[in-house]
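Remarks on the structure that follows.
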Amino acid sequence: MYARHSCFFYFSCCSNVKSPHIVQFYGASLREKLTMVMELCERGSLFHVMQDKSVIFTWDLFFRMMEQIT
């Protein structure tokens, strides 16, 4: 019961966060198994972008990304 309540609280928090710098949360379901519907990130996670050798990280790019995250 506690886990279910925690999930609903988390979903509520996620649905209230609106920012162009945060992945949009659209909804969720707890039927059979946990399912979350979120905005597609075309480049994947930040980890995948940082591992991509075709992305050249300069200090300017680094600081722009950090500014968007905060």
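The values are calculated or read from the model by the stated rules, or taken from the named source; none is laboratory data. Just so it is clear, the structure is predicted and the values come from calculations on it, not from any experiment. Positions of Cβ are generated from backbone atoms using ideal geometry, with glycine treated the same way; all protein chains shown enter the neighbour counts. For accessibility, only protein heavy atoms count, side chains too; no ligands or nucleic acids. Shrake-Rupley method; radii C 1.70, N 1.55, O 1.52, S 1.80 Å.
Condition check for Thr35 on (1) surrounded by 11 or more Cβ atoms within 10 Å (Cβ to Cβ); (2) in contact with a Ser or Thr (Cβ under 7 Å, 6 or more places away or on another chain); (3) β-branched (Val, Ile, Thr): one failure, at (1). Residue count for the stretch 1-31 under the criterion of being assigned to a loop (DSSP other than H, G, I, E, B), open to solvent by less than 100 Å² (accessible area, probe 1.4 Å) and either of a type in the set (D, E, K, R) or at pLDDT 85 or above (or both): the result is 3. Of all residues in the stretch 44-58, those being loosely packed, with under 10 Cβ neighbours inside 10 Å and either within 29 Å of Cys7 (Cα to Cα) or touching a residue at least 12 places away in the same chain (Cβ under 8 Å) (or both) number 1.
Residue by residue, here is whether (1) of a type in the set (Ser, Thr, Tyr); (2) at positive phi; (3) assigned to a strand (DSSP E or B) holds:
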site	(1), (2), (3)
Lys33	no, no, no
Val37	no, no, yes
Phe47	no, no, no
Met50	no, no, no
Ser54	yes, no, no
Met66	no, no, no
